[in-house]
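All remarks here apply to the structure that follows.
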Amino acid sequence: MSQTRTPLVLVTGLQPALTARAAQDLLHAAPGTVLVHHDVRELGQGVVLRTLREPGPAGVVEHRSAIELAHGCLSCTLRLDVLPLLRSLAARPDVTRIVLQLDPALEPEHLCWAIAEVLLDDEPVGEPETAADWVEVEAVVAALDAATWLGDASGEETMADRGLAATADDERTVAHVVVGQTAFADVLLLAGEPDDAWAAAQLDAVLVRLCPSAARLPLGGWQPGPVLA
């Protein structure tokens, strides 16, 4: 078992372009950072696309893998790939921080629970282990579009309506997902501006009520190191 757990940052949000930007900022913020992203859009067909980015001698090196999951479910994705991957990365002496860029379909609260509670299937002989024996969640960062977040959080569209459902039976609403992502975050990164002063006041009031202790910063103008220290 690891004696010193590796810091882990989860980057969440409904819009992949925004989460990717925040995750890239983290990747370049400190030496030894590794960025992992699981694309679960083909999970219904039993395939997850995993991308791992890490610094190399000539810049960032990217590794892509297609992971076959016979059961085609989010829980299987976590148990069979994400959690063992966290352990293997944390065991590397050259990895000082792991960043998980979450697909919109993956909810950070569920993932944090799995890290702490789900036993690793392929653990070595000895005491049962969870991923939390190897990694420590440093922060959950949510990237939000300031112009559209409030509408998403109060609308009735489903994830399937947006083409974001993980599987054919994913009946979650967009509002359920974005509110959960935001309420669970330690840091909120806002991209763009609300349409007008009234929309800005509404957004501010909702975010203060939903996550009063979260740091709120502009995406693109934040300093990952000091915020997460």
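Would you list 77, 167 from the most to the least accessible area, probe 1.4 Å?
Details: 77 0, 167 30 Å².
From most accessible down to least: 167, 77.
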Work out the charge dipole of the chain with +1 on the Cβ of Lys and Arg and -1 on the Cβ of Asp and Glu about the Cα centre, then indicate which of 168, 225, 38 is farthest towards its positive end.
225
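With a ≥ b ≥ c taken as the square roots of the eigenvalues of the C-alpha gyration tensor of segment 72-139, please select rounded if a/c is under 1.5 and otherwise prolate if a/b is larger than b/c or oblate if it is not? Present the calculation step by step, with values, prior to reporting the outcome.
On the way: a/c = 1.73, a/b = 1.16, b/c = 1.49.
Taking the square roots of the gyration eigenvalues as a ≥ b ≥ c, segment 72-139 is oblate.
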Restricting to Cα atoms and excluding each atom paired with itself, what does the Kirkwood estimate give for the chain in Å?
18.2
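Rounded to the nearest 5, what % of the DSSP beta bridges within the chain are antiparallel ones? Show your work: numbers first, answer last.
Details: 17 of 42 bridges.
Antiparallel bridges: around 40 percent, rounded to the nearest 5.
Only Lys, Arg, Asp and Glu count, each charged at its Cβ (+1, +1, -1, -1), so figure out the dipole size of segment 6-223 about its Cα centre, rounded to 20 debye. Before the final figure, lay out each step's value.
Values: 13 positive and 33 negative charges, 109 e Å.
Rounded to the nearest 20 debye, it is 520 debye.
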Show me the ranking of peptides 16-26, 49-59, 150-160 by mean Cβ neighbours inside 10 Å, starting with the highest.
16-26, 150-160, 49-59
Let me check I've understood the local charge: for residue 12, count other residues with C-beta under 12 angstrom from its C-beta, Lys and Arg +1, Asp and Glu -1. What total comes out?
-4
Over the chain: helical MRE at 222 nm, DSSP H runs n ≥ 4 each giving -39500 (n - 2.57), nearest 500
-8500 deg cm²/dmol
Heads up, segment 105-213 by the C-alpha gyration tensor (a ≥ b ≥ c square roots of eigenvalues; a/c under 1.5 rounded, else a/b over b/c prolate, else oblate) looks oblate
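The values are calculated or read from the model by the stated rules, or taken from the named source; none is laboratory data. These numbers come from a predicted model, not from an experiment. Counting neighbours? That spans all protein chains shown, and the Cβs are built from the backbone with ideal geometry, glycine included. When the accessible area is computed, the model is the full protein with side chains, heavy atoms only, and any ligands, DNA or RNA have been set aside. Shrake-Rupley method; radii C 1.70, N 1.55, O 1.52, S 1.80 Å.
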